[in-house]
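Heads up: the structure comes next, in structure tokens.
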Amino acid sequence: MSRRKRAKVETRELEEKLKQDDSESDQSEKSKITSSSPTSVGGRRESSSSRTADAKDKKEESKTEDTKNDDIEEINYKEMLNSLEGAAFQSRLPFDKMSSLEAECFSDLVGPSSHTFVQIRNRILKLWFEDPKKQLTQELAVQKMEAPYNGDPALVMRTHAFLERHGFINYGIYERTTPIPTPPKGKQRPKVIIIGAGVSGLAAARQLLSFGCEVVILEGRDRVGGRIVTYRKGPYVADLGAMVVTGLGGNPVTTLSVQMNMELHKIKQKCPLYEATGNQVPKHKDEMVEREFNRLLDATSYLSHQVDFNYYNDTPVSLGQALEWVIKLQQKNVKHKQIQHHKALITLQERLKTNINKMSDLKELLNSMKTEKDALLVERDKGVTGDASILQEFNLRRLNREMNLLCNEYDALVSTNSTVEEKIAQLETNPPSSVYLSVRDRQILDWHFANLEFANATPLGNLSLKHWDQDDDFEFTGNHLTVRNGYSCVPVALADGLDIRLGTAVTDIQYGGPGVTVKAVSTRNPSQPQTFKGNVSSPPITLPLFSYKMNSWLINDTLNHLCFSDYIAHLPTAKSSAVTSEQ
């Protein structure tokens, strides 16, 4: 699977604690399973019948372990939500300081006052997570606020209002214990028209209703959910759109799963790869290529963030380009290693050749000296006397000494040659790879690239090298899960009690005056136009970003288009520029 960095500085200690708890629980469960497993002799099962029984037991144990792991994760998240630090983490807020939004909204709080605010905020969040099925009122928050943070009820109520206004508490499906707010006397109740009954539209509608607005949702399809759609046939369920809960840590879906009937099931981490032949990729090969894939990502990250290599010929570099360049550099490095290997072999062989030639010269010299010595010995045996005998003895001793030195030198060369030959044998036995990636390795690596494209919903050539992973700091934590009873249970539950006009396709949005006019047609009978009027300046449009970037929306394969240029013009500059940007 593709590696995703998770740099969550403010929640690192909490995550480490949870991982430690997981590890301890896993070890406990493994010890239980080991103690209850069938006995074996010498690592082999006793009989074929026992092997069959063992396989069944192993399967049951695997199921039991999966269930227990699910329970362990659920317990860990319950423990996390019951702590102040966990409540802040689950709300995607720093535990010990204000967020930038909080600092902006509570700019009057500095020093100890800001610390008091953070403590009050964490306690209100904890109260909400303790019972997310029921509205957390200001009165209850003030009542349950513990000392010494209950000394300023006004700050508690102000903090509660902020959290409720920004959707940190009292969101989703919960029981209201107070009436919906009504407008002041003489003021008209805000009427909001929401375009799109996907999760964004439904969540916005529920929030606006809780704030006292009148809401109507226009949806072109005959169902709610947008890109969440579940196919059901008899007992079978299959999600055709969104299907994975990408972690429960920091995910609002965690709260929704408590509020409604969501049957979450942890996805197994094991992901075997199969080749075109149908054979499974060997584990060592799979792990080796995955490590190399992660090294490539690390290299591109280094190029971008350390070397600041993000443009080439004044054009932004894509992640796909950077990966291919790094691969080519690696291929070049392989060739360089081959050259160095051959150079090392040649150097050793030249050294061996020089030593052998030197040994040959020494051998010839020793032979000639031996001949000279033999001649001197013959002369001495003839009984030479006087000065001649003295000179003869001197030459014999000289020859013995020189021959001894030459023999020592010869032995040293023999020892050196033995070492050189061993090094040559090692180099010849372990040559460097002739290629960076074999065809088989590249196929496995391409799977990782494809998986990364799947995770980012676009080819790697479209991803910015510098910004492709900018959302990593905001990723949810924990195991990925699926919804056994279908993800559509979420939008269906959110839609309960809302005024939703299905099969109503918007054709025009008219601004001007005190409100907005939205024109639509029935998808069942396009000849019957409908008009909806709201008294707010701009309707929430919850269509996918792609729809805005297309700048028009084709309805029922006709020539009727909904143009978004006027709507985009009403957005804040930062958002409108993001919509119209080509990057």
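Values in this text are rule-based calculations from the coordinates and carry no lab data. Since this is a predicted model, take the numbers as computed values, not measurements. Reconstructed Cβ throughout: ideal geometry from the backbone, glycine too, with neighbour counts over all protein chains shown.
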Per residue, the convex hull enclosing the Cα atoms of region 282-406 spans a volume in Å³ of 216 Å³
Rounded to the angstrom and largest first, Cα extents along the principal axes for region 335-429 equal 73, 16, 15
Over 18 Å (Cα to Cα) among Lys343/Lys423; Lys233/Lys266; Lys519/Lys575 -> Lys233/Lys266; Lys519/Lys575
For the table Lys285/Lys328; Lys134/Lys533; Lys283/Lys335; Lys268/Lys332, the rows whose alpha-carbon distance is greater than 30 Å are Lys134/Lys533; Lys268/Lys332
Ordering 438-450, 128-140, 160-172, 81-93 by per-residue average of other C-beta atoms within 10 angstrom, highest first, gives 81-93, 160-172, 128-140, 438-450
For the pair Arg501 and Ser438, the simple spin-label estimate (label points 7 Å beyond Cα toward Cβ) gives in nm 6.5 nm
Placing each pseudo-label 7 Å from Cα in the direction of the beta carbon, Leu427 and Tyr236 end up separated by a distance in nanometres of 6.4 nm
A correct Karplus calculation of ³J(HN,Hα) over region 352-364, with 6.51 cos²θ - 1.76 cosθ + 1.60, θ = phi - 60°, whole Hz and x for Gly and Pro, returns 5, 4, 4, 5, 5, 4, 5, 5, 5, 5, 4, 5, 5
Spelling it out for Leu136: with amide H atoms placed in the peptide plane at 1.01 Å from N, the residues 5 or more places away or on another chain with amide H under 5 Å from its amide H are Asn170
Under the 7 Å Cα-to-Cβ spin-label approximation, Phe546 and Ala455 lie apart by a distance in nanometres of 2.1 nm
Phi-derived 3J(HN,Hα) across region 460-472 with the Karplus relation (6.51, -1.76, 1.60, θ = phi - 60°), rounded Hz, x for Gly and Pro, is 4, x, 9, 8, 5, 4, 7, 10, 4, 10, 5, 8, 4
Chymotrypsin sites (Phe, Trp or Tyr not before Pro) in region 204-246 lying in a DSSP loop, each with at most 15 other Cβ atoms within 10 Å of its Cβ, come to Phe211
So, over other residues within a Cβ distance under 12 Å of Ile173, counting Lys, Arg +1 and Asp, Glu -1, the net charge is +2
In the neighbourhood of Gln119 defined by beta carbon distances under 15 Å, the net charge of the other residues (Lys, Arg +1; Asp, Glu -1) is +1
Across the alpha-carbon set of region 88-165, Rg over Rh with Rh taken as the Kirkwood radius works out to 0.93
Under 5 Å from the placed amide H of Tyr312, counting only residues 5+ away or on other chains, we find Val317
Under 5 Å from the placed amide H of Thr507, counting only residues 5+ away or on other chains, we find Lys519, Ala520, Val521
Residue-ordered couplings for region 214-229, obtained by feeding phi - 60° into the Karplus form 6.51 cos²θ - 1.76 cosθ + 1.60 and rounding to whole Hz (Gly and Pro as x), are 8, 10, 10, 10, 9, 10, x, 7, 9, 8, 9, x, x, 7, 9, 9
